[in-house]
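Here is the structure we will look at, set down as structure tokens.
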Amino acid sequence: MQAAPRLRALQRHLGSSEGRGMEPTSSPLTTHVLDTAWGLPARGLCLCLSRLEDHGQQWTELRKSYTDSDGRCPGLLPPGPMKAGTYKLSFDTEGYWKKRGQESFYPYVEVVFTITDETHRFHVPLLLSPWSYTTYRGS
């Protein structure tokens with residue numbers, strides 16, 4: 001019977017408590033990139049997390065990483081509360097599309113957001129095609 005393996009794969013993909021990604025010790029900031037042109041997770045997309053420092057004058061890189069086979073980037077920050085402030089997720093969309101032999105309009109996508117409540121968890125999904133993108137504060 002194939003239902004159990006498919007259910008586990010779906011739970012991992014959605015990040016359910018029975019799957020990967022929702023453990024209480026996981027990062028307070030997560031992202032999930034979906035390639036809407038192919039209907040698949042965006043695997044191998046380079047991204048960088050930065051925080052605005054020096055009274056709003058300088059971005060400090062906190063982490064550079066790549067999305068996994070599920071389009072997620074686990075461990076962006078260590079477990080525990082986030083420091084309040086302004087953050088930026090930069091996605092190398094040009095590099096992603098070039099690896100696929102696809103021309104694209106946006107060479108990169110930067111999502112800048114402000115954290116005021118350090119006790120919350122934050123999820124920043126990115127839906128991506130060669131000609132458009134959308135993002136929102138997920139849960």
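Miscellaneous remarks
- Stretch gain in nm, segment TYR66-GLU110, where the contour uses 0.36 nm per residue and the Cα spacing is subtracted: 14.3 nm
- Convex hull per residue volume in Å³, alpha carbons only, for segment 29-135: 95
- Each label point was placed 7 Å from the Cα along the Cα-to-Cβ direction; for THR36 and LEU127 their separation is 0.4 nm.
- Overall, segment 29-135 carries a charge dipole of about 220 debye about its Cα centre when +1 sits on the Cβ of Lys and Arg and -1 on the Cβ of Asp and Glu, all other atoms neutral.
- Simple rule: put +1 on each Lys or Arg Cβ and -1 on each Asp or Glu Cβ in segment 33-139, find the dipole, and look at HIS55, TRP97, TRP131; the Cα lying farthest toward the positive end is TRP97.
- TYR136-HIS55 pseudo-label distance in nm [points 7 Å out on the Cα-to-Cβ vector]: 3.8
- Our coupling estimate for segment 27-41, obtained by passing each phi through the Karplus curve with A = 6.51, B = -1.76, C = 1.60 and θ = phi - 60°, is 4, x, 10, 10, 9, 8, 10, 10, 7, 6, 5, 9, x, 9, x Hz, Gly and Pro reported as x.
None of the figures in this text is laboratory data; all of them are computed from the coordinates on show. Only a predicted model underlies this, so the values are computations on that prediction, with no experimental measurement involved. With ideal geometry, Cβ positions are generated from the backbone for all residues, glycine too; neighbour counts draw on all protein chains shown.
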